[in-house]
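Student: Here's a structure for you.
The values are calculated or read from the model by the stated rules, or taken from the named source; none is laboratory data. In this text, all values refer to a predicted model and were calculated from it rather than measured experimentally. Note that each Cβ is placed from the backbone with ideal geometry, even for glycine, and that neighbours are counted across all protein chains shown.
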Amino acid sequence: MSVKLTPELEQFVEACDGVASVGGEHQSYVVMSGERFRGCFESDEDHDATLEAIRRGWDDMLNGRTTPMEVFFQEFDNKHGLSS
């Protein structure tokens, strides 16, 4: 999925030094420019590896290769004797 920012939102993000919190219908979202995001990493390799991990995770989620959080935590608690 690809989404294009409106010119107004793009201008707003740039006015906020490349990072902005934007209200949505159900929650708030963080919008960050690609340049600002790239600046969060020490190397291009770290940046590229992070983007690839996000893509893989998104693909896993879309294709049902994830565990619901409640199930994971119950299994984790049981495995480590943390159940109450």
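Student: Take the stretch 25-43 and flag every residue that is of a type in the set (D, E, K, R) and surrounded by fewer than 10 Cβ atoms within 10 Å (Cβ to Cβ).
Tutor: GLU25, GLU35, GLU42, listed by residue number.
Student: Where residues in the stretch 44-66 are polar (S, T, N, Q) and surrounded by 10 or more Cβ atoms within 10 Å (Cβ to Cβ), which of them is farthest from the chain's Cα centre (by Cα)?
Tutor: Residue satisfying both the conditions and the ranking: THR66.
Student: Something else about it: Would you mind finding the one in MET1, MET61 that is part of a helix (DSSP H, G or I) and at pLDDT below 95?
Tutor: Result of the check over MET1, MET61: MET61.
Student: Additional query: If you scan the stretch 64-84, which residues turn out to be among the β-branched types (Val, Ile, Thr) and not in a helix (DSSP H, G or I)?
Tutor: Listed by number, the residues that qualify are THR66, THR67.
Student: I've got another one for you. Considering only the stretch 32-58, state which residues are of a type in the set (Val, Ile, Thr) and either touching a Phe, Trp or Tyr at 6+ places or on another chain (Cβ under 8 Å) or in a loop (DSSP other than H, G, I, E, B) (or both).
Tutor: The one that is of a type in the set (Val, Ile, Thr) and either touching a Phe, Trp or Tyr at 6+ places or on another chain (Cβ under 8 Å) or in a loop (DSSP other than H, G, I, E, B) (or both): THR50.
Student: Against the definition (surrounded by 12 or more Cβ atoms within 10 Å (Cβ to Cβ), in a strand (DSSP E or B) and either in contact with a strand residue (DSSP E or B) (Cβ under 8 Å, 6 or more places away or on another chain) or of a type in the set (Lys, Arg) (or both)), how does VAL22 come out, yes or no?
Tutor: Yes, satisfied.
Student: Return the pairs, sorted by first residue and then second, in which the second residue is outside any loop (DSSP other than H, G, I, E, B) and among the charged types (D, E, K, R), the first residue lies in the stretch 5-18 and is within 10 Å of SER33 (Cβ to Cβ) and touching a residue at least 12 places away in the same chain (Cβ under 8 Å), the beta carbons are less than 8 Å apart, and the residues are 6+ apart or on different chains.
Tutor: Qualifying pairs under 8 Å: ASP17/ARG36; GLY18/GLU35; GLY18/ARG36.
Student: Quick check on ALA15: is it modelled with pLDDT of 95 or more, under 19 Å from the mean Cα position of the chain (by Cα) and of a type in the set (A, V, I, L, M, F, W, C)?
Tutor: no
Student: Assess whether GLU14 counts as being part of a helix (DSSP H, G or I) and either in contact with a Lys or Arg (Cβ under 7 Å, 6 or more places away or on another chain) or exposed (fewer than 10 other Cβ atoms within 10 Å of the Cβ) (or both).
Tutor: In short, no.
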